[in-house]
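Step one of this worksheet: look at the structure below.
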Amino acid sequence: MRFGMIINLSTTVFRAQALNCNRLNVYSISTVHRHQRSHLSLSASSIIDAHSDAVQNKALEARINDLVNHPAVVWNATSTFASMHKKKLAHRHIPQFDRSPTTNNCDALFDEFATVVCNAGVVARKEVFETWASALYIHDFFFSQEHNIKTLRRVADIAAGHGLLAWALLILDDDYRRQRSENDLPPLTAFCLDVQMPKSAELIQTSMLERFPYLDEQFDYVEGRLEQLIPHESCLLAGVHACGTLSDVLVSTAADHRVPLALVPCCHSRKAKVLEACASRFAKKEYEAILNTQGKIPDLANRLDAARITALRNSGMDVVEASIPNLFTDKNRLIMATPGQKTHLIPNDATNQMNVKSTNKIQRGQMPPLNTINDNVSINPKDRFMKGFSVPCKDDKQSRVIISKISGRIAAERRKEVMHNRKHHQMPQLDLSLWLPDDGSEITEQSMQKVIKRTHPNINSNVTMLGGVYLDPKTGRRAQTYRIQYGVDDEVLSFDEANKAHKILYHSIPLEFPGAKCR
């Protein structure tokens, strides 16, 4: 398979969809110049044009066809996939996945995967099918292509939820390695990342390890923020149904850091306050056109995905597009990108500032916004998120050990005891925003910390500036925001105690720094 290609559906697929059939051909490939248009389209003409030069993976096609014709999709005249797709698979559904191994084109591995999910009893039917279909394409492209296979052996499942995608990829790779004549591949490793590890993820993990105990050391689940992720070219970033602007954040990260990406976007949104901050600098013009369009955009999903693909391609990435069966989900576009030989097509110092009319106003008593003009808009961590906790993606022993130590429910609960959370009593953090003196003097982190020590000699603290100096466009006044962590060096301090100390500091600022004023 060649990179720098765009994947579209073949004529056969278009006809199957038009007839509402349950068959779907594997993606076909056309050269990149066929896809140089402003918007993505799955029209009949584009599909027929793409049919030329088609190269089909018959094994993948057979597995996709088996999936859409599976007995658990349509099993009688009254109960169809469309009517039952949101119902959770449970023990009573296991017979639907108990097919004879002699069945023609039977994907026994999927049946085994789905049976394990049934035993857990926490995942909807549609999620099982759409996740496996996505995993088939991702595995075929990233982990079974000879030019990728020896260099990419780690995957990060972003916004993982149940963690199904990571498990599906591990199972597919394990089966692939066992069937190779030369078993010279190291095992694939995967970790999931989400802001909260749901109980369902633990149940799925328990059920999976009962059936595949040898995958235990290859899987981790980390509860953390995207800002704490450190991308690396040796690790695939994967997100299936990455909602809203999370897709734009992942695209921006892949483009800025040239890391491989597999993405199924979902819940397309153009909310200016959020999208402006997440839009990639490599598709500034395309994002501006979307943000400045008045009224409703009927083809918003196509235009946003076109902007995302443009950003990846402009950054020098090779981009391939596929479609998982729309029988399982309407949001079925799969974008896959790998670092190419090309360099960035726009200057590296280009910023992410959009030419969009802003309606944001600073209300009285509100902290001024952080100055993020020079920030690299990606999930690459900023200093304020790196205080003792980061999630390295690099596929080396040291990074894998770190991930293993911070993964799981127990490790997550321990971190919460020392993170900024009002429900916990250690190391509370509070922000303080100041109007700086008019004489142009600065208030450094060190000087602020000295004031805190004089004001509260029995309390240890750590001060960090958030962003740069904010300049009010109307008055010309300067403002700076500080994050103050109370009770460091293992000293326990309740949030209420920290809040009282913070209020005393608030009133002492004008006395300690003449001309300064707290907002």
### Message
Residues of the range 265-279 with the amide nitrogen closer than 17 Å to a label point 7 Å from the Cα of ARG225, along Cα-to-Cβ, please.
### Response
274, 277-278
## Note on the structure
Rounded to one decimal in nm, the spacing of the 7 Å Cα→Cβ label points at GLU217 and LYS450 is 5.4 nm
### Task
Multiply the residue gap between ALA272 and ASP299 by 0.36 nm, knock off their C-alpha separation, and tell me the result in nm, one decimal place.
8.0 nm
### Query
For GLN179 and LEU209 in one chain, what is 0.36 nm times their gap in residues minus the Cα-Cα distance, to one decimal in nm?
8.7 nm
### At R0 = 22 Å, FRET efficiency that the Cβ-Cβ distance of ASP439 and LYS474 yields, to 0.05
0.65
### Entries of LYS271/LYS331; LYS87/LYS296; LYS88/LYS199; LYS273/LYS405; LYS87/LYS331 with Cα pairs more than 25 Å apart
LYS87/LYS296; LYS273/LYS405
## Note on the structure
Computed over the range 235-308, protein heavy atoms only, probe 1.4 angstrom, the accessible area per residue in square angstrom equals 33 Å²
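The values are calculated or read from the model by the stated rules, or taken from the named source; none is laboratory data. What you see is a predicted model, and the numbers here were worked out from it, not measured in a lab. Cβ sites come from the backbone with ideal geometry, for glycine too, and all protein chains shown count toward neighbours. Accessible surface is based on the protein model in full, side chains and every heavy atom, while ligands, DNA and RNA are left aside. Shrake-Rupley method; radii C 1.70, N 1.55, O 1.52, S 1.80 Å.
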